[in-house]
Amino acid sequence: MSKKDLTKKRRLGKQIKRARRIPLLATLRTHRSIQFNMFNRDWRKTKLRSKMKV
């Protein structure tokens with residue numbers, strides 16, 4: 001496995017947290033105005049845009 005520096009690890013962790021599915025209670029409480037997560041992405045197709053220097 002490749003070693004990642006701390007900034008890259010934090011960034012990947014943040015993206016994972018953002019891409020989580022929306023809880024059922026949230027959709028019910030907002031009367032389904034919130035239906036899907038806008039931050040969802042397919043990790044196979046869409047890559048993270050890296051703003052860091054490599």
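The values are calculated or read from the model by the stated rules, or taken from the named source; none is laboratory data. The structure presented is a predicted model; accordingly, all values stated were derived computationally and were not measured. Ideal geometry is used to build each Cβ from the backbone, glycine not excepted, and the neighbour counts take in all protein chains shown. Areas reflect the complete protein model, heavy atoms only, side chains present, ligands, DNA and RNA absent. Shrake-Rupley method; radii C 1.70, N 1.55, O 1.52, S 1.80 Å.
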**Study point:** Positions within region 17-40 being in a helix (DSSP H, G or I), surrounded by 10 or more Cβ atoms within 10 Å (Cβ to Cβ) and either within 13 Å of the chain's Cα centre (by Cα) or at pLDDT below 85 (or both), in sequence order
**Key:** Arg18
Practice item. Return only the number of the condition from (1) part of a loop (DSSP other than H, G, I, E, B); (2) at pLDDT 90 or above; (3) open to solvent by 100 Å² or more (accessible area, probe 1.4 Å) that Lys3 does not satisfy. Key: (2)
Check your understanding: Can you find a residue in region 41-48 that is at pLDDT 85 or above, open to solvent by less than 90 Å² (accessible area, probe 1.4 Å) and within 15 Å of the chain's Cα centre (by Cα)?
Key -> no
